[in-house]
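J.: Below is the structure I would like to discuss, written out as structure tokens.
The values are calculated or read from the model by the stated rules, or taken from the named source; none is laboratory data. Since the model is a prediction, treat every value here as computed from it, not as a measurement. In this analysis, Cβ positions are derived from the backbone assuming ideal geometry, glycine residues included, and neighbour counts consider all displayed protein chains. We work out accessible area using only protein heavy atoms, side chains counted, and drop any ligands, DNA or RNA first. Shrake-Rupley method; radii C 1.70, N 1.55, O 1.52, S 1.80 Å.
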Protein chains: 2
Amino acid sequence: VTAYGVFGDDPRPCVRIGDGLVDLRAVEGELPVPPGTFFQPSLNAFMALGREAWSATQGRLLELQPEVVPIEGQPLHLPFEVADYVDFYSSREHAENMGRLFRPDTEPLPPNWLHLPIGYHGRSGTVVVSGTPIVRPKGQLKAPDDPAPTYAPTRRLDFELELGFVVGTASRLGVPVSTSEALDHVFGAVLVNDWSARDIQAWEYQPLGPFLGKSFATSISAWVVPLDELTRCDGQPQNPPPLDYLRVPENWAFDIDLEVRLNHQTISRTNTRHLYWNVEQQIAHLTANGAGLRTGDLLASGTISGPTQDSVGSLIELTRNGAEPLELPDGSSRTFLEDGDEVTLEAAGVGEVAGRILSAS
Amino acid sequence: VTAYGVFGDDPRPCVRIGDGLVDLRAVEGELPVPPGTFFQPSLNAFMALGREAWSATQGRLLELQPEVVPIEGQPLHLPFEVADYVDFYSSREHAENMGRLFRPDTEPLPPNWLHLPIGYHGRSGTVVVSGTPIVRPKGQLKAPDDPAPTYAPTRRLDFELELGFVVGTASRLGVPVSTSEALDHVFGAVLVNDWSARDIQAWEYQPLGPFLGKSFATSISAWVVPLDELTRCDGQPQNPPPLDYLRVPENWAFDIDLEVRLNHQTISRTNTRHLYWNVEQQIAHLTANGAGLRTGDLLASGTISGPTQDSVGSLIELTRNGAEPLELPDGSSRTFLEDGDEVTLEAAGVGEVAGRILSAS
């Protein structure tokens with residue numbers, strides 16, 4: 001599988017080929033791109049060129065047989081500069097699980113959920129590359145029975161397993177992008193860990209949505225994988241049928257096996273096929289009001305959870321909000337993440353995103 | 001009042017002096033800034049230099065007596081590249097008014113409101129400069145009695161009057177910024193119109209907050225005004241007292257007279273002193289979980305509403321959600337904005353932000 005990244009002490013774009021990488025700056029003169037495209041520390045200039053240039057570059061790289069450097073030992077950086085980061089909520093099982101935990105007195109699925117891909121904007125400035133340590137965030141905590149909030153390190157630190165899409169070419173402000181045009185704008189996919197502090201989130205998120213419970217860090221994989229490297233399958237039946245602007249000619253999903261490891265022990269296996277809304281629908285919705293896409297926009301799927309308890313994408317679901325601790329093969333147990341814990345998400349054919357928890361400073 | 005902007009056919013930074021402007025690129029060699037600071041189409045490089053450089057530049061400009069060009073006839077551009085855009089909700093009167101309209105069955109003020117400055121991330125990519133036409137957005141609409149949603153142009157297009165703060169110098173990821181350090185990071189203030197489609201917002205915003213009801217456009221004034229150009233007054237008493245990380249040595253607010261005009265007729269007069277949370281507290285809260293600030297971050301106050309019906313900062317409040325149409329001096333009346341309407345927000349000493357509504361495309 002081919003993928004693009006940014007590597008080295010003097011950060012520069014590269015392409016991954018097997019276990020090695022090719023320095024794209026070194027071969028830029030032989031590639032069908034404008035001069036300077038790879039003379040910046042991110043993929044953004046290349047991403048902005050569009051599908052024809054991406055394909056032509058890939059084709060030319062195959063002909064060139066350029067020098068391949070081993071990846072091992074190379075520092076890998078955030079592969080692109082994030083413009084706007086939108087986090088969707090596109091797994092029905094996850095939305096239902098969260099509804100039961102956060103709003104036990106109402107229907108688990110919000111009334112709008114089956115009609116539109118719910119999403120919100122996250123913080124672009126705190127998107128970090130796989131391997132970046134995650135400092136346990138502090139924040140306002142108030143359990144329902146507490147008389148007043150306190151400011152303290154989160155006691156309910158969690159991960160969220162998500163697939164992310166990276167926008168290559170911009171769209172025009174004021175002009176919606178249709179479902180059939182949507183994929184033309186997408187450069188590739190990354191794996192995402194949307195770290196979450198559940199206690200901060202629970203106290204702050206009404207009425208304007210998650211903020212500090214999420215904004216301390218979001219980790220993405222170091223490699224961006226072109227969409228045509230990924231396998232597809234049938235999507236979930238959508239009932240009620242979506243409004244016209246959300247209709248897709250074929251209802252499809254990506255078929256990517258996913259695994260979550262906590263301290264190198266597998267705690268969940270799932271698949272992107274469980275997502276109800278696909279990326280064409282997410283982009284059509286995001287731009288339905290005329291909002292433009294920019295090079296570097298990151299669209300994450302929302303937590304991917306399957307229908308069974310061992311196929312969910314977060315600890316809050318795995319432990320039913322801490323009520324049922326997770327027993328690990330090494331004899332330890334967890335409700336939420338502890339200092340020193342390492343979480344690794346892996347997606348077949350995409351790569352992995354890992355991070356270790358540091359104690360609150 | 002001095003202010004900074006970006007002007008011209010070949011966009012470049014400038015400073016406003018009276019009714020004229022000074023091309024900062026033309027005099028860069030005589031200013032205490034690194035070469036190239038003004039050779040880009042935004043203020044970001046200058047903003048990143050920090051308070052000492054900003055003061056030294058202002059002092060040197062006074063000595064230089066450089067050539068001043070009339071502003072009239074000059075195209076003015078977005079003055080800075082927006083990094084993350086956060087919209088707070090810091091006027092108690094506005095929060096109470098919105099609570100009554102959107103959640104009539106509960107207490108108007110959410111339980112967390114007096115404990116923390118509620119905020120959420122907006123879309124940076126659709127922040128536009130004053131004067132940019134605003135295309136009426138389409139979106140999913142569903143009144144409570146409708147059997148299903150439709151996709152149609154909003155029927156409840158509104159403005160929101162806000163003051164925005166522009167971050168100059170970044171802060172370190174993982175390290176909270178205290179209230180006493182907060183102002184060192186702020187380059188200046190802009191006036192903000194956070195355009196809102198109330199029907200899209202009402203249907204979409206639970207549980208993850210506003211998204212497409214806001215993301216089609218946010219207008220800001222063309223000029224960024226340094227904070228020391230603005231007058232201060234006592235802040236509102238804060239009870240319960242905020243947690244330590246939100247305490248400020250002096251409880252102050254900006255004292256800026258504000259006016260809203262619809263088709264050149266004044267429909268509201270208010271003042272920034274009505275804001276409950278100030279910018280020091282907003283920054284301390286935003287970074288309390290370790291989230292970093294970046295050059296170009298925009299922090300908007302949230303709609304500014306005073307205690308009386310003629311001092312509120314949005315049409316939804318002025319017309320009580322359309323129930324009491326607003327009668328205008330020219331004999332027309334409005335519940336929400338109509339195509340062709342022009343909204344002008346003005347802040348004494350800061351400037352104005354204007355926009356005209358175009359019909360849905």
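J.: Can you tell which of B:VAL343, B:VAL279, B:VAL33 shows the greatest fluctuation in a Gaussian network model of chain B with Cα springs below 10 Å?
T.: Maximum among the listed residues: B:VAL33.
J.: Provide the per residue accessible area, probe 1.4 Å, for the protein assembly as shown, rounded to a whole number of square angstrom.
T.: So the protein assembly as shown comes to 37 Å² accessible per residue, rounded to a whole number.
J.: Using only the Cα atoms of the protein assembly as shown, what are the Rg and Dmax in Å?
T.: That works out to 25.1, 77 Å for Rg and Dmax.
J.: How high is the relative contact order of region A:1-144, in percent, counting Cα pairs under 8 Å that sit 6 or more residues apart?
T.: On the way: 178 pairs, mean separation 30.0, N = 144.
Reported as a whole number, the value is 21 percent.
J.: Would you kindly compute the Cα radius of gyration of region B:249-361 and its largest Cα-Cα separation (Dmax), both in Å?
T.: Just the Cα atoms of region B:249-361 yield Rg and Dmax of 16.7, 53 Å.
J.: Calculate what fraction, in whole %, of the accessible area of region A:154-241 sits on carbon and sulfur atoms when a 1.4 Å probe is rolled over the protein chains. Write out the running numbers ahead of the final one.
T.: Details: 1270 of 2560 Å².
Taking all protein chains in place, region A:154-241 shows 50 percent carbon and sulfur surface.
J.: Taking a probe of 1.4 angstrom, what is the accessible area of A:GLU93 in Å², to the nearest 10?
T.: 40
J.: Per the Debye formula with a single identical scatterer at each Cα and no solvent contribution, what log10 I(q)/I(0) holds for region A:186-306 at q = 0.19, 0.20 Å⁻¹?
T.: -1.36, -1.43
J.: Taking 2.2 N^0.38 Å as the expected size of a compact globular protein, what ratio does the Cα radius of gyration of region A:235-312 give against it, to two decimals?
T.: 1.31
J.: What translational D, rounded to a whole number of µm²/s, comes out for region A:113-169 from Stokes-Einstein when the hydrodynamic radius is the Kirkwood one over Cα pairs, at 4 °C and 1.567 mPa s? Mind dumping the intermediate values first?
T.: Working: Rh = 15.4 Å.
Rounded, D is 84 µm²/s.
J.: Also: Explain nothing, just the number: relative contact order of region B:101-250, from Cα pairs under 8 Å at least 6 residues apart, as a whole percent.
T.: Computed value for region B:101-250: 28 percent relative contact order.
J.: Using protein chains only (no ligands, no nucleic acids) and a 1.4 Å probe, work out which residues of region A:149-164 have their accessible area cut by at least 40 Å² relative to the chain alone.
T.: Buried by the other chains: A:PRO149, A:TYR151.
J.: Whenever you get a sec, line up A:ARG136, A:ARG123, B:ARG172 from highest to lowest accessible area (probe 1.4 Å, protein heavy atoms).
T.: Numbers: A:ARG136 25, A:ARG123 5, B:ARG172 175 Å².
From most exposed to least exposed: B:ARG172, A:ARG136, A:ARG123.
J.: Got a sec? Which residues of region A:264-302 lose 10 Å² or more of accessible surface with every protein chain in place, vs. that chain alone, 1.4 Å probe?
T.: Hits at the 10 Å² cut-off: A:HIS285, A:LEU286, A:ALA288, A:ASN289, A:ALA291, A:GLY292, A:ARG294.
J.: May I pose another question? Could you give me the radius of gyration and the Dmax of region B:1-117, taking only the C-alpha atoms into account and expressing both in angstrom?
T.: 20.5, 62
J.: Can you list, largest first and rounded to whole Å, the semi-axes you get for region A:104-237 by taking the square root of 5 times each eigenvalue of its Cα gyration tensor?
T.: On the way: eigenvalues 200, 84, 41 Å².
Equivalent ellipsoid of region A:104-237: 32, 20, 14 Å, largest first.
J.: About the Cα centre, and with charges only on the beta carbon of Lys, Arg (+1) and Asp, Glu (-1), how big is the dipole of the protein assembly as shown? Nearest 20 debye, please.
T.: Using only the charged Cβ atoms, the result is roughly 520 debye.
J.: So, one more: Can you give the calculated 222 nm mean residue ellipticity of chain A, where each DSSP H run of n ≥ 4 adds -39,500 (n - 2.57) and the sum is split over every residue, rounded to the nearest 500 deg cm²/dmol? Before the final figure, lay out each step's value.
T.: Values: 7 runs with 52 residues, N = 361.
Taken over chain A, the calculation gives -3500 deg cm²/dmol.
J.: While we're on this one: List, largest first, the extents of the alpha carbons of chain A along their principal axes, each in whole Å.
T.: 65, 48, 33
J.: With chain B treated as a Gaussian network of Cα nodes joined by springs under 10 Å, which of B:LEU243, B:LEU328, B:LEU109 yields the largest mean-square fluctuation?
T.: Answer for the Gaussian network model of chain B: B:LEU243.
J.: Return the average number of partner chain Cβ atoms within 10 angstrom of each residue Cβ along peptide B:58-69.
T.: 0
J.: While we're on this one: Sorted by accessible area (1.4 Å probe), largest first, how do B:GLU28, A:GLU250 line up?
T.: Putting B:GLU28, A:GLU250 in descending order of accessible area: A:GLU250, B:GLU28.
J.: Still on this model: Among A:258-265, A:350-357, how do they line up by average Cβ neighbours within 10 Å per residue, starting with the highest?
T.: So the order, starting with the most tightly packed, is A:350-357, A:258-265.
J.: At q = 0.22 Å⁻¹, what base-10 log of I(q)/I(0) does the Debye formula yield for region B:58-181 when every alpha carbon is treated as an equal point scatterer in vacuo?
T.: Evaluating at q = 0.22 Å⁻¹ gives log10 I(q)/I(0) of -1.44.
J.: Let me confirm one metric for peptide A:174-187, namely the mean number of other chain beta-carbon atoms within 10 Å of its residues' beta-carbons.
T.: On the way: counts 10, 2, 4, 0, 0, 0, 0, 0, 0, 0, 0, 0, 0, 0.
Across the residues of A:174-187, the mean count of other-chain Cβ atoms within 10 Å is 1.
J.: Take the alpha carbon atoms of region B:108-165, find their center, do the same for region A:69-148, and report the distance between the two centers in whole angstrom.
T.: 21
J.: Sticking with this structure for a sec: Over chain B, what is the mean sequence separation of C-alpha contacts under 8 Å (at least six apart), divided by residue count, expressed as relative contact order in percent? Can you show the working numbers first?
T.: Working: 881 pairs, mean separation 79.4, N = 361.
Taking the mean separation of contacting Cα pairs over the length of chain B, I get 22 percent.
J.: While we're on this one: Could you report the buried accessible area between B and A, both sides summed, computed with a 1.4 Å probe and given in Å² to the nearest 100?
T.: Buried area (both sides, nearest 100 Å²): 5100 Å².
J.: Where in region B:215-258 does accessible area fall by at least 10 Å² between the isolated chain and the complete protein assembly, at a 1.4 Å probe radius?
T.: Buried on complex formation: B:SER215, B:PHE216, B:LEU243, B:TYR245.
J.: Starting from a label point 7 Å past Cα on the Cβ side, list the distances from A:ARG100 to the same position in the other copies, nm, shortest first.
T.: Spacings between copies for this position, smallest first, are 4.0 nm.
J.: Considering chain A as a Gaussian network with a 10 Å cut-off on Cα pairs, which listed residue, A:ASN289, A:ASN239, A:ASN97, attains the greatest mean-square fluctuation?
T.: A:ASN239
J.: So what does the Cα-only Debye profile of region B:175-235 read at q = 0.14 Å⁻¹, as log10 I(q)/I(0), no solvent term?
T.: Result of the Debye calculation: -0.69.
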